[in-house]
1. Which count do you get for residues in the stretch 2-35 that are over 16 Å from residue 64 (Cβ atoms), touching a residue at least 24 places away in the same chain (Cβ under 8 Å) and more than 10 Å from the chain's Cα centre (by Cα)?
2. Mind listing just one residue for me: the one in the stretch 13-67 that is open to solvent by 60 Å² or more (accessible area, probe 1.4 Å) and hydroxyl-bearing (Ser, Thr, Tyr) and, of those, modelled with the highest pLDDT?
Amino acid sequence: GDFLDDAIIASFLSDWAAETGQDPAGMRERAQRTLASLNFRNQDSISRDDVLAILRALRRIDPGGTGS
């Protein structure tokens with residue numbers, strides 16, 4: 001969840017929420033659940049750019065942000 005507090009990522013999520021008419025907090029919660037379900041255990045670290053790339057891919061896959 002710490003990465004979701006990053007200004008760039010928070011702005012990305014806010015823009016995505018506005019684009020889809022959703023609540024930014026709800027979009028953040030969905031992103032947090034999705035990221036938590038991914039397997040990062042085999043990586044030593046994950047960067048903000050990694051998280052942003054994942055969120056951008058999700059946005060392309062699910063532009064409405066309705067996935068759970």
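1. Residues flagged as over 16 Å from residue 64 (Cβ atoms), touching a residue at least 24 places away in the same chain (Cβ under 8 Å) and more than 10 Å from the chain's Cα centre (by Cα) within the stretch 2-35 amount to 2.
2. Per the stated criteria, the residue is 45.
The values are calculated or read from the model by the stated rules, or taken from the named source; none is laboratory data. Being a predicted model, the structure only gives us computed values, none of them experimental. Virtual Cβ from ideal backbone geometry, glycine too; neighbours counted across all protein chains shown. Note: areas computed on protein heavy atoms with side chains; ligands, DNA, RNA excluded. Shrake-Rupley method; radii C 1.70, N 1.55, O 1.52, S 1.80 Å.
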